[in-house]
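The structure under discussion appears below in the form of structure tokens.
A short reminder: the numbers here are calculations on the coordinates, not readings from a lab. Nothing here was measured: the structure is a model prediction, and the numbers come from that model. Quick reminder, even Gly has a Cβ in these numbers, built from the backbone with ideal geometry, and neighbours come from all protein chains shown.
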Amino acid sequence: MSANVLASKVKKTEFAGMGSMMQLLGVVLIVVGFGFGLVVAVFFGGIGLLLLVAGGVKANVLLCSECRGKVEKAAKVCPHCRARFNQLDSDQSTRDEGESWKKTMRGG
């Protein structure tokens, strides 16, 4: 790929990774906590809830629309294929992978 290619950042949620492991541990702590009484359930439940939220944030990654390589939110050029990203605000230049899949399925 050359630097002349204009790409966009695509949001994707990773199923297997550190974020998913954090979420799994959060669920386990919540479930196990209820087996040891109210005080332990509140303590483990709080930690489990924090892990669920943090894992959900960590599971979201940005990919280059051209080469599907992982990119940072502030990146202006893909480090893998050297495609340039849209100069729009980072929220506007990223799109959800599910949206492009829906467009493909509708034929548009």
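General remarks:
- Evaluating 6.51 cos²θ - 1.76 cosθ + 1.60 at θ = phi - 60° for every residue in region 14-29, the Karplus couplings come out as 7, 7, 10, x, 5, x, 5, 5, 5, 5, 4, 4, x, 5, 4, 4 Hz, glycine and proline recorded as x.
- If R0 is 25 Å, the Cβ-Cβ spacing of residue 47 and residue 11 corresponds to a FRET efficiency of close to 0.35.
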